[in-house]
Every structure is written in structure tokens, then in C-alpha cells.
């Protein structure tokens with residue numbers, strides 16, 4: 001069991017982590033580290049002294065009651081929120097110094113999935129992938145099929161259900177090559193089978209050495225999942 | 001599905017170039033705009049209505065219209081641009097597309113520039129194209145109409161660029177529309193003064209080269225500085241949401 005999350009004790013020998021041997025030297029170091037993270041919102045302390053290390057081959061689940069700062073933490077880790085103190089390191093470098101490399105290797109899906117209701121799923125996926133990787137339409141269509149949107153490729157998203165719209169965003173997971181995924185409530189509005197398939201996808205991903213940070217209210221049955229509990233300060 | 005994870009990639013392995021990412025943003029925004037055609041026609045209709053109301057409300061005399069025509073057209077174009085400004089980032093902010101744009105590895109200010117260009121193509125350019133017709137309606141002569149269109153062609157991108165800063169700043173504010181107008185209109189005034197000044201000078205037969213050069217300077221200034229300011233404002237707005 002890889003102790004990727006040890007609040008309060010940041011230093012640990014990397015050799016203890018099984019993924020270190022499995023994925024070689026490149027994969028032995030944490031992808032993303034947060035050191036002494038402190039965040040307040042609206043005069044309320046969300047967390048302080050938080051140390052996180054996201055190591056390849058792990059799933060980190062951020063838990064806590066509503067309003068405990070799960071989304072804020074994920075946005076801070078993704079670089080969307082600046083209202084914090086502490087350091088965030090991307091592969092031992094200050095993140096601000098390697099913004100482009102960090103962003104190239106991050107896939108973030110938030111509460112708002114980034115799907116335009118006037119565009120079709122195919123156009124949406126094409127626009128979402130355009131800044132990251134070149135994919136022929138064949139691959140995009142295959143990803144949409146894999147995400148359960150077969151037959152809906154060319155229907156405007158406003159005619160789709162909330163779950164289907166989210167599946168458009170989740171189709172990115174099937175063709176993304178980014179090693180770090182940050183998924184904020186990614187399972188919202190997804191049906192039972194869909195969640196099962198996503199679990200499989202995540203498990204597969206972790207076996208292959210990807211790192212996942214997520215929040216969800218679904219009970220997830222994944223082995224080797226790290227838990228990070230927020231909300232004790234309140 | 002078997003997903004292969006490759007090791008964390010470095011800068012050298014970047015796969016998408018900046019221009020193609022910008023074109024992708026431009027293309028998506030144009031696609032969205034053409035499917036939401038009221039966003040294009042609203043400012044255009046507003047432009048025509050305002051210009052058409054002046055002869056009815058003030059005076060239909062040829063002399064008055066010839067003198068005030070360029071000013072009327074410029075003010076109407078300015079207000080029409082302002083009307084469309086709030087849409088620039090609002091929809092993207094609401095559906096999360098803006099977040100995804102912020103997380104693209106390309107420099108944000110260039111993506112913002114592409115977005116502003118798309119906005120100008122659907123809100124500013126139609127005004128320029130429609131201006132000759134309205135110019136005839138307010139009895140401007142041929143030369144003045146030509147100069148008017150030229151000033152609008154140089155001036156409306158400046159309006160869009162300056163407006164993009166205001167739109168980005170007021171994104172996180174509830175009912176940001178009023179604040180947006182208050183922020184942006186003072187910055188529009190120099191463009192308005194020189195825009196109408198050029199047409200007035202042309203009507204009197206004076207040389208307009210210097211006026212046009214100044215308008216060009218406004219455009220160069222806005223083009224080089226506004227995207228940076230908008231990108232910084234977007235980061236602040238998203239960070240506080």
C-alpha cells in the first residue's frame with residue numbers, strides 16, 4: 001500500500017512505494033505535491049497544514065461533507081484557484097515555473113463539464129481535445145461510442161439528458177494521455193452501469209501508472225484508494 | 001478499453017501548436033455564434049434602429065443629418081458593441097468551457113485574442129458592412145461613407161478588445177452589466193472622438209492621414225495589451241468563483 005497521503009508528514013522514502021519499482025525511475029517521484037497548503041474562504045478556514053503527494057499509480061479520493069472545501073482543493077491543485085498559501089510542486093519544480101508542462105499533463109473535469117449545449121457531442125469533444133492532442137474524427141467517434149453515446153454523435157447537446165452531456169466530457173477519459181486526472185464529481189448524473197464502467201476505467205488507469213484525484217458521493221469499490229478527509233477543522 | 005499511460009511528457013513533446021489551438025477556439029466560437037443567431041442579429045438590429053430613430057426623433061433635415069450622421073453612426077456602433085459584450089465570456093463561464101480554456105497548455109492571452117477575434121467577426125464586422133447603407137440613409141456623401149467604414153473597420157476591433165477586458169473583469173460579479181458599461185465607456189471615448197473626427201475632417205476636405213494613423217495606433221495598442229489584461233482578469237474572475 002503506497003502511503004501517498006500522509007497529512008503532516010511529508011517526507012517519506014519513495015522506495016517504499018510499490019509503483020516505484022514497477023514504473024521505473026520516471027514514475028517513482030510524485031507528479032504533484034502540495035506542501036503546507038492553507039486556504040480560507042469567506043473568513044472560514046477550509047484546511048491548513050495540508051501536505052499531499054500524488055504519486056503515479058494511485059487514486060486519491062477527497063472526502064468531506066458539503067462545503068468542506070473539496071472542490072476548492074481540487075481547483076487549487078488544478079491551478080484554477082489562487083486563494084491559498086503554500087507551495088505546489090509539479091515533479092519537484094514550482095508549478096508556476098512549468099505551467100505549460102503541468103497543463104499539458106493534466107486533465108481536469110469539473111462540476112461544469114465544459115460542454116456547449118449548442119454543439120453536438122462530436123464537435124464538443126473535438127473542441128475540448130483540440131488544444132491538447134490531434135485526433136482524427138474516427139478516434140473521437142470511438143471515444144463517444146465507448147462512453148455510451150453511440151447514435152448521438154450529431155445531436156445538439158441541448159437535446160441530450162444531463163447524464164449524456166456529462167458523458168461527452170467523460171469521453172475524454174477514453175482518449176486522454178495525460179498522466180494526472182483531476183475529476184470533480186465526475187459521476188454526477190451517470191447511471192449505475194456507467195459508474196461501473198468508469199470504475200473499471202479508473203482501475204485500469206491506475207494499473208498503467210496514471211494518477212487520479214477525485215471527489216464523488218458515489219460509493220466506489222476500488223482497491224488501493226487513498227482517502228483524504230477534509231472538514232475536520234470546522 | 002485498455003488505456004496506455006505514457007510517462008509525464010515534457011515541453012519538447014508538445015503536440016498541438018499555438019496557431020492550431022487558436023484556430024480551434026475561433027472555430028468553436030463561430031460555430032456557437034451561428035447556431036445562436038440572435039447574438040449576431042440583436043446588436044445589428046439595435047444599430048439600425050438607433051440610426052433610424054434619429055431622423056424621426058430629432059430632425060429629418062438633410063443638413064442636420066449630413067453633419068451629425070457620422071457621429072450618430074459611431075455612437076450607435078459603440079452601443080451595439082457594448083450590448084453584445086456581456087456574451088463574450090458569460091456562456092463559456094456558465095458551462096465550464098472557460099475553465100477548460102484556462103487549462104490549455106497554450107498561452108492564455110493568445111486564446112483570449114482568438115476569442116475576441118471571433119467575437120468581433122460576429123458583432124463588429126457586420127456593423128462595418130452595414131454602415132454604408134446607413135450612411136446613405138443619413139445623407140453622407142460617397143467619400144465620407146468610405147472614410148466612415150474605414151474608421152469603423154479600425155475602430156470596432158478596438159472596441160471589442162477593450163470590451164474584452166471589462167467583460168473578463170465583471171464575469172464573477174452578479175449583474176455585471178452596469179459595471180461593465182461604467183468600466184468600458186470611458187475607455188471607448190477616445191476611439192469615438194477620433195472616429196467621428198476623421199469623418200468630419202474628410203467631409204470638410206481636410207487631410208485624414210494623421211487621424212487614421214492615430215486610430216491605427218489605438219488598434220496596435222489594444223491588440224498588444226488588451227489580451228494580456230483580459231487573460232489576467234479572467235484568472236482573477238475564475239479564481240474567485
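Among what's in region A:55-74 and is in a loop (DSSP other than H, G, I, E, B), in contact with a strand residue (DSSP E or B) (Cβ under 9 Å, 6 or more places away or on another chain) and more than 14 Å from chain B (Cβ to nearest Cβ), pick the residue that is surrounded by the fewest Cβ atoms within 10 Å (Cβ to Cβ). Residue satisfying both the conditions and the ranking: A:67. Of the candidates A:165, A:133, A:158, the single residue that is in contact (Cβ under 8 Å) with a residue 24 or more places away in the chain and in a loop (DSSP other than H, G, I, E, B) is A:133. Of the residues making up region A:126-138, none is more than 8 Å from chain B (Cβ to nearest Cβ), over 16 Å from residue B:99 (Cα atoms) and surrounded by 20 or more Cβ atoms within 10 Å (Cβ to Cβ).
So in region B:217-239, with the set limited to residues that are in contact with a helix residue (DSSP H, G or I) (Cβ under 6 Å, 6 or more places away or on another chain) and more than 30 Å from residue B:96 (Cβ to Cβ), which one is surrounded by the most Cβ atoms within 10 Å (Cβ to Cβ)? Among them, the one singled out is B:218. Can you tell me which residues in region B:15-27 are touching a residue at least 60 places away in the same chain (Cβ under 8 Å) and farther than 9 Å from residue B:114 by Cβ? Listed by number, the residues that qualify are B:16, B:18. As a summary of the residue check, residue B:199 satisfies the conditions (1) within 26 Å of residue B:37 (Cα to Cα); (2) surrounded by 15 or more Cβ atoms within 10 Å (Cβ to Cβ) except for the one numbered (1). For region A:111-123, does any single residue satisfy the condition of being more than 13 Å from residue A:230 (Cβ to Cβ), part of a helix (DSSP H, G or I) and more than 11 Å from every other protein chain (Cβ to nearest Cβ)? Looking through region A:111-123, at least one residue is more than 13 Å from residue A:230 (Cβ to Cβ), part of a helix (DSSP H, G or I) and more than 11 Å from every other protein chain (Cβ to nearest Cβ). Taking residue B:161 as the residue in question, decide whether it is closer than 29 Å to residue B:133 by Cβ and under 11 Å from the mean Cα position of the chain (by Cα). Answer is yes for this residue.
Test residue B:92 against the stated conditions and say whether it is modelled with pLDDT of 90 or more and within 20 Å of residue B:236 (Cβ to Cβ). So residue B:92 passes the test. Of all residues in region B:131-148, those satisfying the criterion of being surrounded by fewer than 19 Cβ atoms within 10 Å (Cβ to Cβ) and assigned to a helix (DSSP H, G or I) are B:132, B:133, B:136, B:137, B:142, B:143, B:146. Report yes if residue A:162 is surrounded by fewer than 22 Cβ atoms within 10 Å (Cβ to Cβ), at the interface with chain B (Cβ under 10 Å from one of its Cβ atoms) and at negative phi, otherwise no. The answer is no for residue A:162.
Answer yes or no: is there a residue in region B:35-50 that is in contact (Cβ under 8 Å) with a residue 60 or more places away in the chain and over 24 Å from residue B:121 (Cα atoms). No; the residues of region B:35-50 include none that is in contact (Cβ under 8 Å) with a residue 60 or more places away in the chain and over 24 Å from residue B:121 (Cα atoms). Given the conditions (1) out of contact with any helix residue (DSSP H, G or I) (no Cβ under 6 Å at 6 or more places or on another chain); (2) assigned to a helix (DSSP H, G or I), report the number of the one that residue B:187 does not fulfil. Single failed check for residue B:187: (1). For region A:76-109, taking the residues that are in contact (Cβ under 8 Å) with a residue 60 or more places away in the chain and facing chain B (nearest Cβ under 8 Å), the one that is surrounded by the fewest Cβ atoms within 10 Å (Cβ to Cβ) is identified as A:91. Report yes if residue A:37 is at pLDDT 90 or above, closer than 20 Å to residue A:212 by Cβ and buried (at least 19 other Cβ atoms within 10 Å of the Cβ), otherwise no. So residue A:37 fits the description; yes.
Comparison of B:121, B:103 shows that the only residue that is within 13 Å of chain A (Cβ to nearest Cβ) and closer than 30 Å to residue B:239 by Cα is B:103.
Looking at (1) outside any helix (DSSP H, G or I); (2) touching a strand residue (DSSP E or B) at 6+ places or on another chain (Cβ under 7 Å); (3) within 12 Å of chain B (Cβ to nearest Cβ), can you tell me which one residue A:209 breaks? Failed condition: (2). The set of residues in region B:155-179 that are closer than 20 Å to residue B:124 by Cα and surrounded by fewer than 21 Cβ atoms within 10 Å (Cβ to Cβ) contains only B:177. Could you go through region A:43-54 and let me know if any residue there is closer than 21 Å to residue A:201 by Cβ, part of a loop (DSSP other than H, G, I, E, B) and either in contact with a helix residue (DSSP H, G or I) (Cβ under 6 Å, 6 or more places away or on another chain) or within 12 Å of another protein chain (Cβ to nearest Cβ) (or both). No, the conditions are met nowhere in region A:43-54.
The values are calculated or read from the model by the stated rules, or taken from the named source; none is laboratory data. All of these numbers come straight from a predicted model, not from anything done at the bench. So basically every Cβ, Gly included, is an ideal-geometry build from the backbone, and we count neighbours across all protein chains shown.
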